[in-house]
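What follows draws every value from the coordinates through simple rules; no lab data is involved. These numbers come from a predicted model, not from an experiment. For neighbour counting, all protein chains shown are included, and Cβ atoms are generated from backbone atoms with ideal geometry for every residue, glycine included.
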Amino acid sequence: MNVTSNLVMDSLDGRLMFRYGFNCSFKNLRRGMMRVYCDSTVRKMQTRKYAPLLESIPQCNGVLPSTNWKAVPDIWRTSAEKFGDRIALVDPYHDPPTNLTYKQLEQEIINFSEGIRAIGVEPGEKLALFADNSCRWLVADQGIMATGAINVVRGSRSSVDELLQIYNHSDSVALLVDSPEMYNRIANGFTSKATIRFVILLWGEKSRLTSLVQDVPVYSYQEIIDKGHDSRAALLHSQDARQQYTYEAINSDDVATLIYTSGTTGNPKGVMLTHSNLLHQITNLWDVVPAIPGDRFLSMLPPWHVYERSCEYFIFTYGIEQVYTTVKNLKEDLRRYQPHYLISVPLVFETLYSGIQKQISSSSIARKHVALLFLRISMAYMEFRRIYEGKYLTRSREAPSNIFSILDLLRASILGAILRPLHLLAKKIVYSKIHAAIGISKAGISGGGSLPSHVDRFFEAIEIKVQNGYGLTESSPVVAARRPNCNVLGSIGHPIRHTEIKVVDAETDEDLPPGLNGVVKVRGPQVMKGYYKNSMATKQAIDERGWLNTGDIGWIAPHHSVGRSRHSGGVIVLEGRAKDTIVLSTGENVEPSEIEEAASRSTLIQQIVVVGQDQRRLGAIIVPNKEEVILAAKNLSILDPGASEISKEKLTNLLYEELRKWTSECSFQVGPILVVDEPFTIDDGLMTPTMKIKRDKVVAKYQKEIQNLYK
């Protein structure tokens, strides 16, 4: 008698599962004896991490609640069940143009995640996602997260050196790039200095690759989707295929992504954000942006910027429609798609403001004067309205008297009532045309930098609501924002839910009362896990009680029960940065030390401080080395051999050319410069005892001159 059987025994050792298979043959022998032959094999099982809700069996009785989300990709199951055939994404400028419903988007993400599993991606591995804003970026981002792997993100326009530094520091094992053109640009630099297991092209054909690397497979986006589809089918229909894995749900505290702050050359800081960090944003931003199904959003910011990224995750849980656009197409797409919301950086709102002002200036003399008059009237009306609504910002800790408050509110109410008919007329004659041209019928959300007050007041005057918010990459990012019903101009609003903000003395770290300037600190579920492989920097940023030092200087508005500021108490006001990082109005973060160190190599530059907070470009304050400047000017025949002085204009031009020469290899370039005669010293309070320049003190001293640089 021959019998063949399979005996399966599972043993869990830590997180590894082994499968023991026994193939046994039984034979009859004389005298009733039986001999058994067994061949055994031991096979290590693979751990398969998964998003608990995204890859669970669909629920038959209702939509999955947000309280069940354990990983960011879980949101797609809930949205697919709730919003199914609604359009989620419109991506008109890629080839092919793409529209995806919520059901299709969910399936695309699952197929992508299964596709990268099929080519060997394992939980916890880092994949470099170097690409720009598109629907496929979102699919790749969420597909990577759904496997328990970690994506390391950056844009396609970054330098090869910067991308290589990020790739190697993050311990990435593979590369996902925007297009063949991008891969061709970076391939040579990566070949000899990085280990790449595979490459995935999000857009474009592999036939356009000119820099193929031996033994590094390249997959197109569609190939990954197809592999994922086939692998899912195999798992569905084969128990043996399913038994190859031990299954483990992604933990909320697992790292979801690494986002590198700017200034990575030489000292990279990779911010580790967990699923829990990002889920806090997803579940707590509705107070700021009360989106409803069908609301349309325009998306143009780089998705590797955490501001754009977290906001996208959040809005997709409310059944909105997102349209991808570009800087080039923004003006036309605002008119064409008439978005309800625009989430962007201050520079975009400045650009819209400048465009409107230019259009007014180019009108006939009569139209221009009428429009400017209406704007002045509307700005005055809005000022009075803020007063009688109690949303006027004040720093005074002393509450006004009841009598003064009554008279103040009465005056504002009367003057506002007088101006209101003229404002409504302006809205009908002038502002309605602006609304028709740019949409933004519900709100523009500005973040990633400071919104200039004149831009803020202009949009308030024409009744396009702009809400200013605040955050950092290290806080996922949003920690505070102005609400639709409490949009206090000049502030960044109140802290969002489950978030604490305090202001402390920079020297003593003691808590300061409302109205006093100090360093802003933040605590909440959105604060990062830490900097990757940089425990020292993590300890410097986050104290033992969990408070994140933002490096920003600000104050909290005092609470008043009466008067013009009765509803503005508790809002946060920022006035600058205590730490060195400069945030441009484009939302880009710049570490000035790289530029300053490079410029200091010049013998003509004695001291330099790079400036540019909330500006379009960098500037610099330079103290020249006068003797070396005179000598260089003579050698260049700018001065006669016997001259002992140099004009301000010639000095500035010479220093500017010197600065350009020494900083040409830096990530950012300096625009206008301010030349000052007096060196920064310890005695004048502009240097520390250890001879370090006090950047904030220098900027404060030359504030007016810096403002003039950018006029």
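Couplings 3J(HN,Hα) of the stretch 441-448, computed from phi: 6, 9, 5, x, 10, 9, x, x Hz, in residue order, whole Hz [Karplus 6.51 cos²θ - 1.76 cosθ + 1.60, θ = phi - 60°; x for Gly and Pro]. Here the simple spin-label model places points 7 Å from the Cα toward Cβ, and for residue 636 and residue 562 these points are separated by 6.6 nm. Rounded to the nearest 20 debye, the dipole magnitude of the chain is 1700 debye, with +1 charges on Lys and Arg beta carbons, -1 on Asp and Glu beta carbons, and the Cα centre as origin. The Cβ shell under 13 Å around residue 423 holds other residues with a net charge of +2, Lys and Arg each +1, Asp and Glu each -1. The amide H of residue 605, built 1.01 Å from its N in the peptide plane, has 625 as neighbours under 5 Å, considering only residues 5 or more places off or on other chains.
Packing, as the average of other Cβ atoms within 10 Å across residues, places the peptides 441-452, 668-679 in the order 441-452, 668-679, highest first. A cut-off of 5 Å between modelled amide H atoms, ignoring neighbours fewer than 5 places along the same chain, links residue 467 with 444, 445, 446. Counting Lys and Arg as +1 and Asp and Glu as -1, what is the net charge of the other residues whose Cβ lies under 10 Å from the Cβ of residue 605? Result for the local shell: -2. Take the Cα of residue 436, step 7 Å toward its Cβ, do the same at residue 248, and the gap between the two points is 6.1 nm.
Taking the longest Cα principal axis of the chain as reference, the axis of helix 135-146 is set at about 60 degrees. Between amide H atoms placed 1.01 Å from N, distances below 5 Å from residue 200 occur with 175, 176, 177, 219, all of them 5 or more places distant or on a separate chain. The C-alpha atoms of the chain define a longest principal axis, and helix 102-118 lies at about 60 degrees to it.
Each of residue 237 and residue 46 was given a label point 7 Å from its Cα along the Cα-to-Cβ line. The distance between the two points is 1.9 nm. Working ranking of peptides 226-233, 75-82 by packing, defined as the average number of other Cβ atoms within 10 Å per residue, highest first, is 75-82, 226-233.
In terms of distances greater than 29 angstrom between alpha carbons, the cross-link table entries 358/427; 358/701; 650/704 yield 358/701. Between residue 597 and residue 681, full extension at 0.36 nm per residue minus the direct alpha carbon distance yields a gain of 28.4 nm.
Net charge of the neighbourhood of residue 122, taken over other residues with C-beta under 10 Å away and scored Lys/Arg +1, Asp/Glu -1, is +2.
Farthest towards the positive end of the charge dipole of the stretch 592-709, among the residues 703, 676, 653, is the Cα of 703, using unit charges on the Cβ of Lys, Arg, Asp and Glu.
The order of the peptides 212-222, 126-136 by mean Cβ neighbours within 10 Å, most packed first, is 126-136, 212-222. Take the Cα of residue 362, step 7 Å along the line toward its Cβ, and report every residue of the stretch 435-474 whose backbone nitrogen sits under 19 Å from that point. Backbone N within reach: 435-439. Along the stretch 359-373 the Karplus relation, 6.51 cos²θ - 1.76 cosθ + 1.60 evaluated at θ = phi - 60°, assigns HN-Hα couplings of 5, 5, 5, 8, 6, 4, 4, 5, 4, 4, 5, 5, 5, 5, 5 Hz to successive residues, with x for each Gly and Pro. If one takes the longest principal axis of the Cα atoms in the chain, at what angle in degrees, from 0 to 90 and to the nearest 10, does the Cα axis of helix 306-316 lie? Roughly 60 degrees between the two axes.
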